[in-house]
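What follows draws every value from the coordinates through simple rules; no lab data is involved. What you are looking at is a predicted structure, and each value in this text was computed from that prediction instead of being measured. No Cβ is skipped: glycine too gets one built from the backbone with ideal geometry, and neighbour counts run over all protein chains shown.
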Amino acid sequence: MEYKIILIGCGTVGQGLLEILERKAEFLRDCYQFEPKIVAITDLMKGTVVAPEGLQIQKVLGTLKEGKKLNQYPGPKQQTDDYLDPLDLIEQVEADIMAEMTYTDIKTGEPATSYIKKALRMGKHVVTSNKGPAALHYQELKELAHLNRRHFRIEGTVMSGTPVFHLFENGLAGNDLREVKGILNGTTNFILSQMELDGLEYDEALKLAQQLGYAEADPTADVEGFDAVAKVVILANALMGGQLKPADVRRQGISHLRKKDILEAREAGLRYKLIASVKKDGKKIEASVAPQKLPLTDPLAGVMGAQNALTFDTDLMGKVTIQGAGAGRTETGFSILSDLLAISRCALK
Ligand SMILES: NC(=O)c1ccc[n+]([C@@H]2O[C@H](COP(=O)([O-])OP(=O)(O)OC[C@H]3O[C@@H](n4cnc5c(N)ncnc54)[C@H](OP(=O)(O)O)[C@@H]3O)[C@@H](O)[C@H]2O)c1
């Protein structure tokens, strides 16, 4: 089945998605009857291209690779301004699905939340990898989607393409969830791993993480736990029906930890991890992000480097742990694809 799709934001994730759609076009059509037609892309710096007949993905990627703006796309296209604001694009271009992959603002969720609301109101399904709208407005957006009989899907917001939401929605369906607990930030897990495995001090491990591109020049969001807070709020609200805000989460980062703390823990057979957890007790839902000393027998203790992992504690299956990438061009591009396929599967039923 053919789906007309618009992309809002075409950076790492958007291009990762395009590369997958190009590489797997035949496979997606033959195995999943999924035929995506990208009808428009708009991006703050790269500009806009609109093509109701569908863009040739290879030509889009070529245009971007050459450092050109999207309106220099060499195939058939509609005449548009250099940059069309996403709100106008959503209104003007007929499409089934909007893939939203712009900048995360964890304080306001904007402007992405406004794009998502507009798309849902205009009858477009929405998939996003953006934590802002999911962490701050999940219940409102889900309700809006429901009212408009559309999907609002967020697989890429937690653990990139590692299928946290798909696992709970499909494989674990029928279970009651008592707790989810995991390592949701790859940067801090890398730093803690380096402090233990290579005996580095915190500052040395952070510097290495920055050199390798795991940590930003300003690492506060990662090392002080804010990024993990946003993700744990998404889990609380999307998996447990909570109404948490980031300020409701008890938070402590890892910047106070020293090599001696890590080594003392190791001597006691324990390992420090920055653990994000949400617990449900009756109607009460509580979340926290803090370093914890885990016994080495805990599956989360074995997760080293920039990997992420999450343990679901369920009534029927007990504990189930999933481990995988928490970021990456292809991995997060895949998260968008997995949500597109979920929408397509529903329509095929
Ligand atoms: N990369 C990952 O591994 C990963 C993993 C999980 C989740 N995510 C989330 O996925 C989203 C996309 O990430 P990314 O890595 O692709 O970021 P990115 O490389 O910075 O790409 C975002 C693109 O969106 C454009 N943009 C920003 N604000 C916009 C707006 N208001 N309207 C239109 N375009 C806009 C940016 O243009 P400019 O260049 O002008 O800013 C940029 O080209 C983010 O919310 C991120 O947090 C990323």
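Considering only GluC sites (Glu not before Pro) in DSSP loops that have at most 16 other Cβ atoms within 10 Å, the longest stretch of the chain without any of them is 217-349. Which cross-chain or sequence-distant (5 or more) residues have an amide H under 5 Å from the amide H of Leu294, H modelled 1.01 Å from N in plane? Under 5 Å from the amide H of Leu294: Arg271, Tyr272, Lys273. Listed from fewest to most Cβ neighbours within 10 Å, the set Met45, Met304 follows the order Met45, Met304. Mind checking Rg over Rh on region 173-324, alpha carbons, Kirkwood formula for Rh? With Rh from the inverse mean 1/r over Cα pairs, Rg/Rh is 0.98. A cut-off of 5 Å between modelled amide H atoms, ignoring neighbours fewer than 5 places along the same chain, links Lys37 with Tyr3, Lys4, Ile5.
Could you work out the pair-distance distribution P(r) of the chain from its alpha-carbon pairs, with 10 angstrom bin width and percents rounded to whole numbers? Taking all Cα pairs of the chain, the binned fractions are 6, 25, 31, 23, 12, 3, 0 percent.
Evaluating 6.51 cos²θ - 1.76 cosθ + 1.60 at θ = phi - 60° for every residue in region 292-304, the Karplus couplings come out as 10, 8, 9, x, 5, 6, 6, x, 5, 5, x, 8, 10 Hz, glycine and proline recorded as x.
Please list log₁₀ I(q)/I(0) at q = 0.10, 0.20 Å⁻¹ for region 1-131, using the Debye equation with identical point scatterers on the alpha-carbon positions. Results for region 1-131 at q = 0.10, 0.20 Å⁻¹ read -0.29, -1.20.
If you take the Cα centroid of region 253-273 and the Cα centroid of region 203-234, the two points sit 18 Å apart. Here, region 153-207 has an Rg and a Dmax of 15.9, 46 Å when only alpha carbons are counted. Tell me what the chain gives for mean residue ellipticity at 222 nm when only DSSP H runs of n ≥ 4 count, each as -39,500 (n - 2.57), the sum divided by the residue total, rounded to 500 deg cm²/dmol. It comes out at -11500 deg cm²/dmol, rounded to the nearest 500.
With the simple model of a label 7 Å out from the Cα in the direction of the Cβ, Lys245 to Leu147 spans 2.1 nm.
Taking the number of Cβ atoms within 10 Å of each Cβ as an exposure proxy, the fewest-first ranking of Phe165, Phe226 is Phe226, Phe165.
Normalised by the number of residues in the chain, the mean separation of alpha-carbon contacts (under 8 Å, six or more apart) gives a relative contact order of 19 percent. Database remark: amide H of Ala51 closer than 5 angstrom to the amide H of Ala40, Gln78 (H placed geometrically; neighbours at sequence offset of 5 or more, or on other chains; Pro and chain starts carry no H).
Under the membrane-span-like helix rule (DSSP H runs whose alpha carbons stretch at least 18 Å along the helix axis, mean Kyte-Doolittle hydropathy -0.5 or higher), the chain yields 131-147, 226-240, 329-348. A simple charge model with +1 on the Cβ of Lys and Arg, -1 on the Cβ of Asp and Glu and nothing else charged puts the dipole of the chain at about 540 debye relative to its Cα centre. In order along region 165-179, phi translates into HN-Hα couplings of 6, 4, 4, 5, 6, 10, x, 9, 4, x, 8, 9, 9, 8, 7 Hz, rounded to whole numbers, per the Karplus curve 6.51 cos²θ - 1.76 cosθ + 1.60 with θ = phi - 60° and x for Gly and Pro.
Measuring between their Cα centroids, region 1-79 and region 145-176 lie 24 Å from each other.
Here Asp298, Asp176, Asp227 are placed in order of increasing Cβ neighbour count within 10 Å, fewest first, which gives Asp176, Asp298, Asp227.
In the chain, what % of DSSP beta bridges are antiparallel (nearest 5)? In the chain, DSSP labels about 65 percent of beta bridges as antiparallel. Work from the charge dipole of the chain (Cβ charges, +1 for Lys and Arg, -1 for Asp and Glu, about the Cα centre) and give the residue of Ile20, Val320, Leu294 farthest towards its positive end. In the chain, that residue is Val320.
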